[in-house]
Amino acid sequence: MRDTYPFGIASIPLDQCVRLHSSSGTTGNPTVVLHSAKDLHEWANALARSLWMVGCRPEDVFQNTSGYGMFTGGLGFQYAAEMLGMLTVPAGAGNTLRQLKFFTDFGTTVVHAIPSYAARLYEVMCQQGIDPRRDTKLKIMAIGAEPHSEDTRKRIEEMLGLKAYNSFGMSEMCGPGVAFECKEQNGMHIWEDYYIVEIVDPDTLEPVPEGEVGELVLTTLNREAMPLLRYRTRDLTRILPGKCPCGREHKRLDRMKGRSDDMIILKGVNIFPIQIETILAQYKDLASDFLITLNTVEDNDDMTVEVELSELANVDDYAYLQNLSKDITRKLRDEILVTPKVKLLPKGALPRSEGKAVRVKDLRKKY
Amino acid sequence: MTVQQISVFLENKSGSLAKVFRTLSDAGIQLITSTLADTADYGVCRILCDNPEKAYSVLSKEGFSVTKTEVFAIVLDDRPGRAADAIACFAEGGISISYLYSFLYEGKGVLVFRTSEMEKAVALIAANGLVEAKL
């Protein structure tokens, strides 16, 4: 997909395509996913089915706190919720006070959010004296696009007084709606009328025995614009053995256990360390060593980028040092779409590793 | 005549300052004065010493992030108001001072400052009869 960027692997003429979604970043080898009208309909159908499965009905009011635009969690949920017949509130990302006003004014019952934003919503509710059980009608939340643990889910459910269901998808397949938890909340049913599901050993590429962890490999069955055969998702997971008590026959995926490449997922955004490296390499005052640390601070995931100064840095000049970290922060934000904390270090301060450099330290609460 | 000041970039981590001073002392370098400024994330230690060239090279060799800077050092007579006079003449001359510190050296006050307008500062020092310190 990267080699043929942007339209090289389209399987139908572009005039039959009606939308594209693209991965973030300008240096991190972007990908483009094309959709025909039928593809969008199928995508909406798979996600509408997922929402129906967890109890959403036409009389519900659905509020989407995802960013719209290239992020598939926006338009993906929008079309699915409309197809199901819910009244939709396309609130978009951020502006938490406004989100809360919509909850109370419009009687929102179903909300889609990334897990870290669910915690943020609760925090602001507490500040505003809003009791989610008393003052809102929230009952269902779809959470996804960000790795999170069972404990995180339970905390979200207790805080907001609702049921939270794990949602799985990726823009290469379409977006959200590839797999979704049922009311059993034990594994995500992956829609086998849409995908052929395989779990393989990422090194040998041989299938692993059922129930063992490996890399998820998907083949699309009904895509027109961009069918994908045996697409390596790089997500590590396993198929839960046995049948689901809910009666559905579609296989269940366990929570994602990590990645077989170095991609970072932060606040629902995919980030590759190479994107950060490319930005930092533009500065003569920086040395080549850096370390990305991911942490959970007050239920919010954040990123710190520590980078060493080179001999060319003028360490006598404060204004220069401050402007340098500000400038790096801004350039990184423009590239990876989240704002990292940038910390300048004296050269040699980062631990040296033998062999492959350690670029990412993930200390987030998850799994 | 300016003097050479050594600035060392430090992590906010216990022991990092001690290591700077130990490195200088091991090299037989005598400190004249030092100041430490800090932000939330890091500190900058500014040092005047008897052998700045050597200080720069031993600190660099030890892996510190070091910068050599030309600063002005003015000797002040030991009576009230001399510092005020000196600074006033720079203000009137229209040069901006990025930082300043002072200390006592051989019984006299020394005012150290940094400006990016070097030539203007040299002219002002001469015009106002200010005496530069020989450290």
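The values are calculated or read from the model by the stated rules, or taken from the named source; none is laboratory data. Being a predicted model, the structure only gives us computed values, none of them experimental. Cβ sites come from the backbone with ideal geometry, for glycine too, and all protein chains shown count toward neighbours. We work out accessible area using only protein heavy atoms, side chains counted, and drop any ligands, DNA or RNA first. Shrake-Rupley method; radii C 1.70, N 1.55, O 1.52, S 1.80 Å.
Things worth noting here:
- Looking only at residues in segment A:300-335 that are more than 8 Å from chain B (Cβ to nearest Cβ) and open to solvent by 50 Å² or more (accessible area, probe 1.4 Å), the one that is nearest to A:K284 (Cα to Cα) is A:L312.
- Residue that is away from chain B (no Cβ under 14 Å), β-branched (V, I, T), farther than 23 Å from B:T69 by Cβ and open to solvent by 70 Å² or more (accessible area, probe 1.4 Å), where the choices are A:V358, A:V297: A:V358
- Matching option when the condition is out of contact with any Cys (no Cβ under 8 Å at 6 or more places or on another chain), in a strand (DSSP E or B) and touching a residue at least 24 places away in the same chain (Cβ under 8 Å), among A:L216, A:L228: A:L216
- Check on B:F9, within 11 Å of another protein chain (Cβ to nearest Cβ), over 13 Å from the mean Cα position of the chain (by Cα) and not small (G, A, S): yes
- Check on A:A349, in a loop (DSSP other than H, G, I, E, B), out of contact with any Ser or Thr (no Cβ under 8 Å at 6 or more places or on another chain), within 20 Å of B:V44 (Cα to Cα) and modelled with pLDDT under 90: yes
- The residues on offer are B:S102, B:S65, B:S57, B:S98, and the sole one that is in contact with a Gly (Cβ under 9 Å, 6 or more places away or on another chain), under 30 Å from A:K347 (Cα atoms) and surrounded by fewer than 18 Cβ atoms within 10 Å (Cβ to Cβ) is B:S102.
- Residue ID - farthest from the chain's Cα centre (by Cα), chosen from residues in segment B:36-50 that are within 14 Å of chain A (Cβ to nearest Cβ) and surrounded by fewer than 16 Cβ atoms within 10 Å (Cβ to Cβ): B:A40
- Among the residues making up segment B:1-22, those that are assigned to a loop (DSSP other than H, G, I, E, B) and open to solvent by less than 60 Å² (accessible area, probe 1.4 Å) are B:T2, B:G15.
- Qualifying position, being within 14 Å of chain A (Cβ to nearest Cβ) and touching a Ser or Thr at 6+ places or on another chain (Cβ under 9 Å), among B:Y101, B:Y105: B:Y101
- Taken over segment A:120-129, residues that are farther than 29 Å from A:V178 by Cβ and surrounded by 17 or more Cβ atoms within 10 Å (Cβ to Cβ) amount to 1.
- Considering segment A:1-85, the qualifying strands (runs of 3 or more DSSP E), each wholly inside and each with 2 or more residues that are in contact with a Cys (Cβ under 9 Å, 6 or more places away or on another chain) and open to solvent by less than 10 Å² (accessible area, probe 1.4 Å), run over A:32-36.
- Scanning segment A:139-154 for residues that are outside any helix (DSSP H, G or I), free of Cβ contacts under 8 Å to residues at least 40 places away in the same chain and over 20 Å from A:E59 (Cα atoms) gives a single hit, A:I143.
- Taken together, the residues in segment B:23-35 that are in a loop (DSSP other than H, G, I, E, B) and either within 8 Å of chain A (Cβ to nearest Cβ) or closer than 17 Å to B:V66 by Cβ (or both) amount to 2.
- Residue within segment A:203-215 that is over 20 Å from the mean Cα position of the chain (by Cα) and among the polar types (S, T, N, Q) present: yes
- Within the option set B:D85, B:D77, being under 14 Å from B:A133 (Cβ atoms) and open to solvent by 40 Å² or more (accessible area, probe 1.4 Å) holds for one residue only, B:D77.
- The test for being assigned by TED's automatic domain parsing to the domain that holds A:P147, touching a residue at least 60 places away in the same chain (Cβ under 8 Å), more than 22 Å from A:M70 (Cα to Cα) and not small (G, A, S) does not hold for A:P241.
- Per the listing A:T136, A:T109, A:T88, the residue uniquely in contact (Cβ under 8 Å) with a residue 12 or more places away in the chain, open to solvent by 10 Å² or more (accessible area, probe 1.4 Å) and out of contact with any Phe, Trp or Tyr (no Cβ under 7 Å at 6 or more places or on another chain) is A:T109.
- Qualifying residues in segment B:111-122 (those that are open to solvent by less than 40 Å² (accessible area, probe 1.4 Å) and free of Cβ contacts under 8 Å to residues at least 60 places away in the same chain) - the one farthest from the chain's Cα centre (by Cα): B:A121
- Residue in segment A:247-254 that is assigned to a loop (DSSP other than H, G, I, E, B), in contact with a Cys (Cβ under 7 Å, 6 or more places away or on another chain) and open to solvent by 10 Å² or more (accessible area, probe 1.4 Å) present: yes
- Filtered residues of segment B:37-55 (kept if over 15 Å from B:K19 (Cα atoms) and not in a helix (DSSP H, G or I)): B:A37, B:D38, B:T39, B:A40, B:D41, B:Y42, B:L48, B:C49, B:D50, B:N51
- Boolean, B:V58 is of a type in the set (V, I, T) and either assigned to a helix (DSSP H, G or I) or within 13 Å of chain A (Cβ to nearest Cβ) (or both): yes
- Checked against (1) surrounded by 17 or more Cβ atoms within 10 Å (Cβ to Cβ); (2) over 29 Å from A:L344 (Cα atoms), A:N270 meets all criteria but (2).
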